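Structure first, commentary second.
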Amino acid sequence: MKILLIEDEPKTLSFIKKGLEENGYDVSTAMDGITGKQLALAGSHDLVISDIVLPGLDGKALCKQLRELNFNTPLLMLTALGGVGHVVEGLDSGADDYLVKPFEFQELLARIRTLTKRKEKEQSADNILRIGNLEMNLVTRNVNRGGVPIQLTAKEYALLEYFLRHKEKVLSRQEIVRNVWGLDFDTGTNVVEVYVNYLRRKVDKDYDTKLIHTQFGMGYIMRQPK
């Protein structure tokens, strides 16, 4: 498992790199955003971990530029900027997850496992999940609605897959956090709401028939209105 770590503070970089390597990860490093971007585009990493405050190119700009180049590798942001506004900005830039410093190293490892976990292919011959005219191909990982391709980040894809596998069922925020983010505790942010809104903009915004619905006080449900 190859990880690109972008961090400009030498002690933090050394600490994280050592911990990851002790857990079996192959770690490449960069100490500024420009070098980090070059390594991300040139390498075949399974995950990018980036600080936000970086010389040359900050983490949010780095992430946004990578996503604009159709860079779909999962990206985890590490930062001391833990306010809700900073979290939302980081996610809006295209990050898949956001971990606030200081953090327990075991939590970092848990986030990494969740982001890099490869979904097991279904044993059935049909690898298509669908509702209405929305389709997800679990083999090619392509998503389309009415034949129009939908580009998703890794975390958006995971969330949509969870909705499709549990369509017509109300899913609580806690269920979503546990099954999509792999966490058994509240993140303390509105990350679920943020990502549901991302999906709505991509899946529902341009269509009269909405598929993702809010059940106030309960959670969310994916269903096709009858």
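The values are calculated or read from the model by the stated rules, or taken from the named source; none is laboratory data. Everything quoted here is computed from the prediction, not taken from an experiment. Here Cβ is always computed from backbone atoms with ideal geometry, including for glycine, and neighbour counts include all displayed protein chains. Note: areas computed on protein heavy atoms with side chains; ligands, DNA, RNA excluded. Shrake-Rupley method; radii C 1.70, N 1.55, O 1.52, S 1.80 Å.
Numerical summary
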{"read-out": "Extreme residue, nearest to residue 114 (Cα to Cα), among residues of segment 6-63 that are acidic (Asp, Glu) and surrounded by 21 or more Cβ atoms within 10 Å (Cβ to Cβ)", "value": "51"}
{"read-out": "Residue list for segment 140-156, filter: aliphatic (A, V, I, L, M) and either over 19 Å from the mean Cα position of the chain (by Cα) or over 25 Å from residue 76 (Cα atoms) (or both)", "value": "148"}
{"read-out": "In segment 147-157, the residues that are at pLDDT 90 or above and open to solvent by 30 Å² or more (accessible area, probe 1.4 Å)", "value": "148, 149, 151"}
{"read-out": "Answer residue from segment 176-225, given it is β-branched (Val, Ile, Thr) and in a loop (DSSP other than H, G, I, E, B) and is most open to solvent (accessible area, probe 1.4 Å) among those", "value": "209"}
{"read-out": "Residues of segment 6-38 classified as under 21 Å from residue 62 (Cα atoms) and either among the acidic types (Asp, Glu) or in contact with a strand residue (DSSP E or B) (Cβ under 9 Å, 6 or more places away or on another chain) (or both), total", "value": "19"}
{"read-out": "Qualifying residue in segment 158-168 (condition: among the hydrophobic types (A, V, I, L, M, F, W, C) and surrounded by fewer than 19 Cβ atoms within 10 Å (Cβ to Cβ))", "value": "no"}
{"read-out": "Only listed residue being farther than 26 Å from residue 217 by Cβ, open to solvent by 60 Å² or more (accessible area, probe 1.4 Å) and modelled with pLDDT of 90 or more, chosen from 133, 144", "value": "133"}
{"read-out": "Test: residue 168 is among the acidic types (Asp, Glu), part of a loop (DSSP other than H, G, I, E, B) and farther than 24 Å from residue 71 by Cβ", "value": "yes"}
{"read-out": "Neighbours by Cβ (under 6 Å, 6+ apart or cross-chain): first from segment 139-152, closer than 14 Å to residue 206 by Cβ; second outside any strand (DSSP E or B) and open to solvent by 40 Å² or more (accessible area, probe 1.4 Å)", "value": "145/133; 146/133; 150/202"}
{"read-out": "Segment 126-163: number of residues that are under 24 Å from residue 183 (Cα atoms), touching an Asp or Glu at 6+ places or on another chain (Cβ under 9 Å) and not polar (S, T, N, Q)", "value": "6"}
{"read-out": "Condition check for residue 41: touching a residue at least 12 places away in the same chain (Cβ under 8 Å) and in contact with a strand residue (DSSP E or B) (Cβ under 7 Å, 6 or more places away or on another chain)", "value": "no"}
